[in-house]
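Structure record follows, encoded as structure tokens.
Coordinate-derived values only; no laboratory data. Small disclaimer: the values here were computed from a predicted structure and weren't measured. With ideal geometry, Cβ positions are generated from the backbone for all residues, glycine too; neighbour counts draw on all protein chains shown.
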2 protein chains.
Amino acid sequence: MIAVDANGADAGPEAVAEGARRSGERVLLFGPADRLGPSEGNVEVVDAPERIGGDEEPVRAVRGRPEASIVQAAAAVADGRADALVSAGATGPTLAAATLAVKRIKGVHRPAIAALLPLPAGRVLLLDAGANVEVRPEHLVQFAYMGVAFMEHVEGVDRPRVGLLSVGAEAGKGTPDIRAAHERLAAGELAFAGNVEGFDLPSAAVDVVVTDGFTGNVALKTMEATSKVTREAIRGAIRSSAVATVGGLLIRGAVDGLRARLDPEAVGGAILLGLRRPVVIGHGSFGPVGLASAIGLARRAVDERMVERTAAALAAGGALRSAAAGSVSRE
Amino acid sequence: MIAVDANGADAGPEAVAEGARRSGERVLLFGPADRLGPSEGNVEVVDAPERIGGDEEPVRAVRGRPEASIVQAAAAVADGRADALVSAGATGPTLAAATLAVKRIKGVHRPAIAALLPLPAGRVLLLDAGANVEVRPEHLVQFAYMGVAFMEHVEGVDRPRVGLLSVGAEAGKGTPDIRAAHERLAAGELAFAGNVEGFDLPSAAVDVVVTDGFTGNVALKTMEATSKVTREAIRGAIRSSAVATVGGLLIRGAVDGLRARLDPEAVGGAILLGLRRPVVIGHGSFGPVGLASAIGLARRAVDERMVERTAAALAAGGALRSAAAGSVSRE
């Protein structure tokens, strides 16, 4: 069973309900019952009209509003009624509700938001994409293990390559924290490709890109917007001449095919790593297709035992908090 | 007179010499004389074959190799033989040589690398693009003043709008250092638009984007590569079908026009701000056209008295180090 918060999607709770039905998975759907349709087939509706907005202070809102849909959905996962959580868009409240109710894997410092990017050269997992604006080296090391476990077991990538995002490829480049994380990752067991630069992110030079949540958030949004601005500029240029407009019609099929291949809705959104159950956050702009993908992604993470395997990989790599306590951890 | 280091361009010193001749400006050209052609017209050649590579530790290399072309070119600016410095690509050595010889404006904490980005919606100045991987709030505030002075006086933008790069538009978003810088910029005299996100960079939502050199470097390289990957994916999709290939031929003229409008070589590269003379760093990939633009940009910065106006703006805004000493500066 997957618990889904139907509030938060730009397209409204109806679109989330539609995505839940289409997913074919068993879903416990929290939201305004009068907009979700009946409990039937694979979907069981729980009336929870109260919504926490993206503009509220997340932790305070989650603590103070137990009736809110995201809080109820997270509670369903915490008490075992559901195996995973999916929300339709508001990152802050989802992160807060999941961290408070579902809780971290024992020994994990911080959960990370991992964005799975559909790129022309393949899929890349970027983490942290915004959960932690400041991190320490041991957090970055954990992010690497968590990201690798996801790509290996949920995405089926054989021995995923990890890059540490920095300002140059050489080991000495970056901040003291980056250099410390580099040293630990280089000494570890992962397929560590060393530092990667901004150039290497869109070209999918590695499978997992590790960074702090500030840089990751900026890089992710910069990529999204640059891709959009580039496509719009080309479209604008094509429309500026009659000959090119005809050409534009002739390339439409090929470009539509490309767009479908790179569609974020097919990927399913971001996943929170480091918690005791899988948590997926769809993009606010997702329609039913994207939400069905998000639910499918959560299901796959459950079936592939992502959490257990992540915990085992962190333990085997000596990256859990207890193992690190004697060395570099400041906690 | 503009001092130009002819070493460092991917296309070789010959391309730099060609760019110097084409610029029409008076140039003192440092590099291997046997590859630069004769001293004639607007170009005076100084034989300086020794080159500092991008892989050497910059400060040590600059200090230890007084005969190197970039060191001699910076010395020419420091002793008044030239008004500005242009280098053809190696950022580290240029930054080190310029900071050591040309020196900072009195009261400036750190020079910043400012990248002038040609975007479909207009030109945006992003700083710092990599000189300082860690910064304090007072550095970010100075970057804002320095960037505004450049855009106003050299690029002719009327009252440039400044954005502070963060993970959300609200004033409270970001690290403690970002929040502190936000507070000071909001209380100041600049046209401060508040926080901007990664989305706002390629869309040119503001004229000047202020950030630390780590985030700025990652964002800049991510933008460059995303734009390239997007264009290549579209080109690849077009070539995959015969009909689309014909369409591709018909749109070629319009797309070429767009490319010319967004050509980095037309902009002239990055400029170091905060030093006592203008310093321009061309992209390593620049050919003669880009290098001529870089020299033209340096000339314009001299003619428009960029340095004097930057110093005056920093002083008027109370952003110089001495003025800040009693409040938040830790220096």
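Which of the residues that make up region B:225-237 are more than 7 Å from chain A (Cβ to nearest Cβ) and closer than 28 Å to residue A:213 by Cα? If the condition is that a residue be more than 7 Å from chain A (Cβ to nearest Cβ) and closer than 28 Å to residue A:213 by Cα, then B:228 is the only one that fits. Taking region A:153-166 as the range and being within 14 Å of chain B (Cβ to nearest Cβ) and either surrounded by fewer than 23 Cβ atoms within 10 Å (Cβ to Cβ) or of a type in the set (Asp, Glu) (or both) as the test, no residue passes.
If you go through region B:174-184 and keep only what is at the interface with chain A (Cβ under 10 Å from one of its Cβ atoms) and either surrounded by fewer than 22 Cβ atoms within 10 Å (Cβ to Cβ) or touching a Lys or Arg at 6+ places or on another chain (Cβ under 9 Å) (or both), you end up with B:175, B:176, B:177. When both residues are 6+ apart or on different chains and their Cβ atoms are under 8 Å apart, which pairs have a first residue that lies in region B:251-267 and is in contact (Cβ under 8 Å) with a residue 40 or more places away in the chain and among the β-branched types (Val, Ile, Thr), and a second that is part of a helix (DSSP H, G or I) and surrounded by 20 or more Cβ atoms within 10 Å (Cβ to Cβ)? Cβ pairs passing all conditions: B:267/B:293; B:267/B:297. Residue count for region A:28-42 under the criterion of being farther than 15 Å from residue A:67 by Cα and surrounded by fewer than 20 Cβ atoms within 10 Å (Cβ to Cβ): the result is 8. May I ask you to list the residues in region B:239-256 that are of a type outside the set (A, V, I, L, M, F, W, C) and facing chain A (nearest Cβ under 7 Å)? Across region B:239-256, the qualifying residues are B:240, B:241, B:247, B:248, B:253. Is it the case that residue B:118 is within 20 Å of residue B:276 (Cβ to Cβ), outside any loop (DSSP other than H, G, I, E, B), in contact (Cβ under 8 Å) with a residue 40 or more places away in the chain and not β-branched (Val, Ile, Thr)? It is false that residue B:118 is within 20 Å of residue B:276 (Cβ to Cβ), outside any loop (DSSP other than H, G, I, E, B), in contact (Cβ under 8 Å) with a residue 40 or more places away in the chain and not β-branched (Val, Ile, Thr). Tell me which residues, restricted to region A:185-195, are in contact (Cβ under 8 Å) with a residue 24 or more places away in the chain, surrounded by fewer than 24 Cβ atoms within 10 Å (Cβ to Cβ) and of a type outside the set (S, T, N, Q). A:188, A:189, A:190, A:191, A:192, A:193, A:194, listed by residue number. Evaluate region A:276-289: report whether one residue or more is more than 14 Å from every other protein chain (Cβ to nearest Cβ), among the hydrophobic types (A, V, I, L, M, F, W, C), surrounded by fewer than 24 Cβ atoms within 10 Å (Cβ to Cβ) and over 13 Å from the mean Cα position of the chain (by Cα). Among the residues of region A:276-289, at least one is more than 14 Å from every other protein chain (Cβ to nearest Cβ), among the hydrophobic types (A, V, I, L, M, F, W, C), surrounded by fewer than 24 Cβ atoms within 10 Å (Cβ to Cβ) and over 13 Å from the mean Cα position of the chain (by Cα), which makes the answer yes.
Just one residue in the set A:162, A:206, A:167 is touching a Lys or Arg at 6+ places or on another chain (Cβ under 6 Å) and either more than 15 Å from residue B:222 (Cβ to Cβ) or touching a residue at least 40 places away in the same chain (Cβ under 8 Å) (or both); that residue is A:206.
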